[in-house]
Amino acid sequence: MKRAVWFLLPLAAFLVLAAFLFRGLGLNPREVPSPLIGKPAPAFARPQLHDAAKTFSQKDLAGQVWLLNVWASWCVACREEHPVLVELARQKAVPIVGLNYKDAPEDAKAWLKQFGDPYMLSVVDRDGRVGIDYGVYGVPETFLIDANGVIRHKQIGPLTPAAWEKTIRPKIEALRRG
Amino acid sequence: MIPEIGHFALILALLLGLMKGTLPLIGAARRIPTYMAVARPASHGQFLFVAVAFGCLMWSFMSNDFSVLNVAEHSNSQLPLRYKIAATWGSHEGSMLLWVLMLSAWSVAVAAFSRHLPEEMVARVLGVQGILSVGFLLFILVTSNPFERLFPPAPDGRDLNPLLQDPGMVLHPPMLYMGYVGFSVAFSFAIAALLGGKLDATWARWSRPWTTVAWCFLTGGIALGSWWAYKELGWGGWWFWDPVENASFMPWLVGTALIHSLAATEKRGSFKSWTVLLAICAFSLSLLGTFLVRSGVLTSVHAFATDPKRGVFILGFLVVVIGGSLALYAWRAPKIGLGGRFAPVSRESTLLANNVLLVVACASVLLGTLYPLVLDSLDLGKISVGPPYFDTVFAPIMAPLVFLMGVGPLMRWKEASVPDLFLRLRWALGVSLAVALILPFVMGSWKPLVAFGLFLAIWVFAATMVGIRERVRNAPKGTKLARLAREPRGYWGMVLAHLGIAVFIVGVTLVNGYQNERDVRMEIGDTVTLNGYTFRFEGAKSITGPNYRGARGTMDVSKDGRFVEKLYPEKRIYNVQQMPMTEAAIDSGILGDLYVSLGEPVGDQGAWAVRLYGKPFINWIWGGCVLMMIGGFLAISDRRYRLAVRREPELGAARGAAA
């Protein structure tokens with residue numbers, strides 16, 4: 001009898017997995033609301049990618065509406081959203097700061113050289129600590145931060161033209177009108 | 001009209017699938033020959049109708065029928081013909097149709113090559129395949145109909161994703177699916193054996209060639225995908241540990257374990273219940289991979305259209321198929337006898353270690369892929385698992401596996417002795433240690449990881465050579481060449497596949513150890529030197545392609561002042577989706593690649609940001625995979641499978657005559 005119990009193990013393991021997958025279906029990873037929305041953006045001061053001697057802190061952009069875009073050169077989905085960011089930068093639609101997440105700075109610089117650099121500047125978060133403070137779930141993610149330094153919106157996954165037109169741009173305009 | 005014919009053909013295929021999935025199984029249980037006889041014609045009919053449906057979809061793509069939603073979303077009138085054909089499986093709906101086409105093709109192959117098997121076995125195997133086909137056909141018809149019309153029709157299509165417009169991508173999905181779906185045959189054999197209660201060496205022998213073929217296709221599919229990523233993503237990387245890559249890699253790992261465990265089951269009757277479990281798992285992981293890709297549970301580059309309804313459907317199907325088969329396993333497997341006993345040091349025990357390591361490797365990949373999801377479901381927070389996790393976990397599991405790969409084939413079944421093995425392998429060990437210590441110096445700089453990787457690769461090579469030499473020496477009379485030729489193809493298949501692993505390791509080790517890259521801004525006439533080659537930038541000209549425009553740079557490559565070649569990297573913007581793509585120019589060679597890709601133009605004097613890579617021995621990575629594939633195909637062409645085909649009907653006839 002004891003031996004027979006062992007043979008039930010694979011089935012039990014699978015059922016547990018299936019239960020998680022079922023919950024996972026309900027949790028669309030692109031739509032998880034962030035507990036940080038409506039709260040002040042977590043403080044950080046990190047070296048800049050192109051000038052490691054200078055640091056950047058979220059306070060430096062106080063008084064402006066801006067985007068914090070989490071990216072990495074190893075992130076393939078970042079390539080998908082990159083043309084959108086480059087286009088936004090060309091139109092000077094909104095200042096975009098990059099948070100270069102768990103990445104080697106050489107790779108990051110090369111990546112920007114190859115695909116274009118839409119960022120006002122990029123901040124190096126090599127150990128991912130800033131990412132943890134911001135509750136980064138996966139790369140890419142984009143945070144909309146208002147003039148008072150409060151997070152107003154979080155885009156999980158690539159920033160699509162549709163997301164820009166339908167959600168982010170109206171929010172930015174509303175924030176600027178004040 | 002044509003799309004409706006395709007739709008109708010799919011419905012007919014579903015009806016035939018319902019027949020195929022019920023009657024033969026009932027017939028096998030109750031011993032009704034007429035019911036069992038349905039299996040083969042139903043398989044043929046199903047294949048015919050699925051093929052008609054697939055043909056109709058392809059025709060819609062080729063004739064630019066933008067009144068079909070799928071065509072309007074994934075094609076364009078300017079798209080070159082070969083990519084229109086490939087666009088048939090470039091969408092979610094089309095790729096599911098390709099999946100079903102492969103499944104019905106495998107059924108037809110089983111029906112054709114199973115004449116020597118008992119009728120009940122064939123009926124059960126095809127019946128299980130029938131159930132699988134019903135699940136997928138229902139999925140297509142209910143949630144992802146590829147023939148849905150668009151009214152009013154679109155004036156032109158939205159074009160195929162430019163990333164997919166590459167020869168590697170034309171072949172990659174069919175190859176991969178051949179592998180994924182091929183494991184359904186091993187699965188069906190396992191379920192049929194559990195249902196029939198006969199799990200023995202014959203079952204293992206019947207499953208073996210099918211498993212090997214599926215594994216070969218999967219190997220090829222994964223290799224093509226990696227080659228595509230290397231060429232097309234303009235990044236010089238060849239593996240990203242993306243969830244979708246992992247989804248194809250997990251069945252490969254378990255499939256590799258299955259091939260080895262089937263060998264032990266066939267030769268010695270060992271690990272029977274374990275082998276059955278692996279056969280179930282290999283296919284279950286293929287299904288799980290489909291779920292992960294299609295449901296959108298995980299975010300990934302490859303996430304095509306994602307839709308929760310589809311996710312629920314596949315998950316339900318997964319629970320029925322995997323849950324059902326594991327329940328059957330829990331019920332029937334305890335009655336399977338234990339195989340022959342073996343000592344702690346024996347070929348069986350190495351094969352067992354191989355299995356355990358491969359399954360652990362697969363589990364760690366599964367864990368890394370699903371961990372973010374599991375934590376999120378438990379409200380424990382959100383994390384992302386990137387390449388750092390996989391690189392750290394994977395190599396320590398693989399290293400002992402590769403070491404055992406050298407020893408295993410030289411061991412005797414049942415019991416082997418360590419001192420004897422050491423004596424036989426001491427030269428191989430010495431040579432591989434020496435070469436591993438010296439070779440990195442020759443390559444330019446000594447690095448511990450490079451030395452370790454080279455040691456493993458040369459160890460596999462040397463130990464395999466020792467094995468061949470011993471075989472020749474122990475073979476009865478004849479010249480050396482004649483003795484070599486007498487060795488069965490199954491043996492040569494194993495040798496090639498193992499050497500393929502060695503070649504693969506050389507590639508990975510040397511690329512990781514000695515790749516070079518330069519990122520520079522180059523004006524016209526500037527030169528850069530990399531790995532002894534001098535690159536001179538001759539400027540970039542604008543070009544217009546069939547469905548894109550862009551710039552093509554010219555790079556003169558020379559070595560020691562002598563002209564070598566011209567390379568033409570391109571930067572393309574595809575007209576419809578406005579997506580910039582980097583077409584790297586690659587000079588491929590057996591000793592390595594020179595890889596040039598264009599970044600962005602800098603200023604207006606014709607200067608460009610340029611990336612140059614030297615990738616030593618990178619082609620050995622894919623070369624190794626090709627060797628593994630050839631090895632697999634060689635193994636299934638072994639005489640004994642063909643002999644078995646001929647012998648068994650005679651036995652059946654003799655038995656019939658005696659009765």
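Things to note:
- Using the rule -39500 (n - 2.57) for each DSSP H run of four or more residues, divided by the residues of chain B, the 222 nm mean residue ellipticity is -22000 deg cm²/dmol.
- Taking the range B:56-145 and dividing mean pair separation by its residue count, relative contact order in percent (alpha carbons under 8 Å, at least six apart): 24
- Residues along the range A:93-126 losing 20 Å² or more of accessible surface when the other protein chains are present rather than the chain by itself (probe 1.4 Å): A:102, A:107, A:110, A:113, A:114, A:115
- Computed over neighbours whose Cβ is under 13 Å from that of residue B:197, the net charge equals +3, Lys and Arg +1, Asp and Glu -1.
- Peptide B:327-333, shielding by other chains (average Cβ, 10 Å cutoff): 4
- The calculated FRET efficiency for the pair residue B:474 and residue B:633, based on their C-beta separation and a Förster distance of 30 Å, comes to about 0.65.
- Diffusion constant of the range B:323-472 at 20 °C, which comes from Stokes-Einstein with the Kirkwood Cα-pair radius and 1.002 mPa s, µm²/s: 114
- Per-residue mean of foreign Cβ neighbours for B:317-323 is 3 (Cβ atoms of other chains, 10 Å radius).
- Protein-only accessible surface order, largest first, of B:240, B:633 at 1.4 Å: B:633, B:240
- Using the alpha carbons alone, the radius of gyration of the range B:219-279 stands to its Kirkwood radius in an Rg to Rh ratio of 1.20.
- Applying 0.36 nm per residue to the separation of residue B:465 and residue B:449 and subtracting their alpha-carbon distance, the gain on full extension is 3.3 nm.
- Remark: accessible area buried at the A-B interface is about 4000 Å², both chains counted, probe radius 1.4 Å.
- Whole-number percent relative contact order across the range B:6-110, with pairs defined as alpha carbons under 8 Å at least 6 apart: 27
- Across all Cα pairs in the range B:384-443, the calculated P(r) in 10 Å bins from zero up to the longest distance comes to 17, 33, 30, 16, 4 percent per bin.
- Mean per-residue shielding of peptide A:72-83 is 5, counting Cβ atoms of other chains within 10 Å of each Cβ.
- Rounded to 0.05, the FRET efficiency of the residue B:320 and residue A:5 pair, given R0 = 30 Å and the Cβ-Cβ distance, is 0.80.
- Sorting the segments B:363-370, A:107-114 by their mean number of nearby beta carbons within 10 angstrom, highest to lowest, gives A:107-114, B:363-370.
- Global size of the range B:481-559 as Cα Rg and Dmax, reported in angstrom: 22.7, 63
- The range B:169-260, Rg to Rh (Cα coordinates; Rh as Kirkwood inverse mean 1/r): 1.10
- Plainly put, chain B has a radius of gyration that is 0.99 times its Kirkwood radius, both from alpha-carbon atoms, as the Rg/Rh ratio.
- Nearest-0.05 FRET efficiency for residue B:367 and residue B:544, computed from C-beta distance (R0 41 Å): 0.25
- Our compactness index for the protein assembly as shown, the C-alpha radius of gyration over the empirical 2.2 N^0.38 Å, is 1.01.
- Average Cα contact separation per residue, chain B, under 8 Å, 6 or more apart, as relative contact order %: 11
- Residue A:106 - accessible surface, heavy atoms, 1.4 Å probe, Å² rounded to 10: 120
The values are calculated or read from the model by the stated rules, or taken from the named source; none is laboratory data. Worth saying up front: this structure is predicted, and the values here are computed from it rather than measured. In this analysis, Cβ positions are derived from the backbone assuming ideal geometry, glycine residues included, and neighbour counts consider all displayed protein chains. Heavy atoms of the whole protein, side chains included, go into the accessibility calculation; ligands, DNA and RNA do not. Shrake-Rupley method; radii C 1.70, N 1.55, O 1.52, S 1.80 Å.
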